[in-house]
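Trainee: One structure follows; several queries about it will come next.
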Amino acid sequence: MFDIDINRIALLLIPGVIRQPKLQAFLLALLAPIRNLYGKFVPFRLNDLYRLGHNGQVCYLEAALNDAFDPDQRRIYISDGDSYNQQYIYTEAEQQNRYLGTLFLRAEGDYQEGSRDFVVVVPMDFRDDLYGFQIMAVLNFYKLASKRYEIIKL
């Protein structure tokens, strides 16, 4: 649909009677800016079609991350954030006892109302200074606005 040969169209629109090499060269020189814009338009359009073909679903998000940062080995994957129930400990003012039993200490993001909805796992050989912000930019572009994430290296 957008595969246009601007030179060919321009030369075919010149009437055959006046189609001479000097006029053809002049016309092609006039069309140089249009060819330049068309050369920029085609990759831009392909990039937009790629972006429209992906969304915040896990499979598409993983595909976008792997296409951008690890196209050969495709080692980036997304897992669910852990969701543990928090155990409430009473204060002295409440004057209630609670037997805690075995209590595991976890990070704040591991609880149900923690700070992450999903975890993006990237390989250890990814350098933070090179890929850190770029991965975050891709995630922020595709994910839903209410979803929170954390990037972990394994």
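What follows draws every value from the coordinates through simple rules; no lab data is involved. From a predicted model like this one, the values you see are computed outputs, not experimental measurements. Because the Cβ atoms are built from the backbone with ideal geometry, glycine has one as well, and the counts that use them run over all protein chains shown.
Trainee: Hey, got the dipole for segment 6-52? About the Cα centre, +1 on K and R Cβ, -1 on D and E Cβ, debye to the nearest 20?
Mentor: It comes to approximately 40 debye.
Trainee: Calculate, in nm to one decimal, what Val58 and Leu130 gain on full extension: separation in residues at 0.36 nm each, minus their alpha carbon distance. Provide the component values of the computation, followed by the final result.
Mentor: Values: separation 72, 0.36 × 72 = 25.92 nm, distance 2.37 nm.
The span from Val58 to Leu130 would gain 23.6 nm if fully extended.
Trainee: Determine the sum of side-chain charges near Tyr77: Lys and Arg each +1, Asp and Glu each -1, restricted to other residues whose C-beta is under 13 angstrom from that of Tyr77.
Mentor: For residues surrounding Tyr77, the net value is 0.
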